Amino acid sequence: MTDLISINGHKADYEKARDSVKATPEILHKNLFETPYAHALIAFSGPAGVAGGEAIGFAIYFFNFSTWTGRPGLYLEDLYVKPEHRAKGIGKAFFVELRKDAQAKASNVYPLVIVVS
């Protein structure tokens with residue numbers, strides 16, 4: 001949980017909104033693990049499969065439901081990669097994993113809204 005809090009702080013600093021962050025490790029643990037309202041993917045530096053790297057990016061997402069299609073959809077709330085780690089395929093890797101999870105849930109709705117700040 002510490003890694004997610006840390007990288008979320010980097011995102012807040014990047015967006016010049018540090019004072020808006022209210023999430024604590026306890027709140028995130030409750031809402032991601034005890035009652036999983038959302039899901040988190042975290043990218044770490046270093047070789048794949050080797051523990052101990054620095055958190056360098058994250059994606060927060062959840063599933064919604066379309067009454068039109070009768071199927072779930074994936075909503076990407078946040079995607080952030082530290083500036084010094086961009087253009088290395090990390091964002092693409094997040095989207096690959098998001099697609100896998102969406103397909104596993106039989107999701108056919110994959111809306112993407114981009115907010116640039």
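Observations
- Estimated vicinal HN-Hα couplings, Hz - the stretch 58-71 in sequence order (Karplus 6.51, -1.76, 1.60; Gly, Pro = x): 7, 10, 10, 8, 8, 9, 10, 9, 9, 6, 6, 9, x, 9
- Helix axis angle, 2-14 relative to the chain longest principal axis, alpha carbon, degrees: 90 degrees
- Shown for the chain: lysine pairs separated by 8 or more places, or found on different chains, whose C-alpha atoms are under 17 Å apart, numbering 6.
- Full-extension gain in nm, Glu77 to Ala17, via 0.36 nm per residue minus C-alpha separation: 20.0 nm
- Heavy atoms of Glu77 accessible to a 1.4 Å probe, total area in Å² rounded to 10: 100 Å²
- Protein heavy-atom accessible surface, 1.4 Å probe, per residue over the stretch 1-95: 64 Å².
- Largest to smallest in accessible area, the residues Ser45, Ser20 fall in the order Ser20, Ser45 (1.4 Å probe, all protein chains included).
- Under the criterion of Cα pairs below 8 Å and six or more residues apart, the relative contact order for the chain equals 20 percent.
- Rounded to the nearest 20 debye, the dipole size of the chain about its Cα centre is 360 debye, using +1 on the Cβ of Lys and Arg and -1 on the Cβ of Asp and Glu.
- Helix 90-104 axis, angle to the chain major axis (alpha carbon atoms, nearest 10°): 30 degrees
- Placing Lys11, Lys22 in order of accessible area, with the largest value first and a 1.4 Å probe, yields Lys22, Lys11.
- By accessible area with a 1.4 Å probe, ligands and nucleic acids excluded, highest first: order of Tyr14, Tyr75: Tyr14, Tyr75
- A probe of 1.4 angstrom, applied to the heavy atoms of all protein chains, finds His39 with accessible area near 60 square angstrom.
- Options Thr67, Ile42, Val21, ranked by Cα towards positive dipole end of the chain, top entry (Cβ charges): Thr67
- At full extension, His29 and Ser45 could sit 3.5 nm farther apart than now, given 0.36 nm per residue minus the alpha carbon distance.
- The string of couplings for the stretch 79-87 from the Karplus curve (6.51, -1.76, 1.60, θ = phi - 60°) is 9, 9, 10, 3, x, 6, 10, 7, 6 Hz, one whole number per residue in order, with x for Gly and Pro.
- Sites Ala106 and Thr67 - FRET efficiency at Förster radius 22 Å, r taken between beta-carbons, to 0.05: 0.90
The values are calculated or read from the model by the stated rules, or taken from the named source; none is laboratory data. Being a predicted model, the structure only gives us computed values, none of them experimental. No Cβ is skipped: glycine too gets one built from the backbone with ideal geometry, and neighbour counts run over all protein chains shown. Protein only, heavy atoms only, side chains kept; ligands, DNA and RNA dropped before computing areas. Shrake-Rupley method; radii C 1.70, N 1.55, O 1.52, S 1.80 Å.
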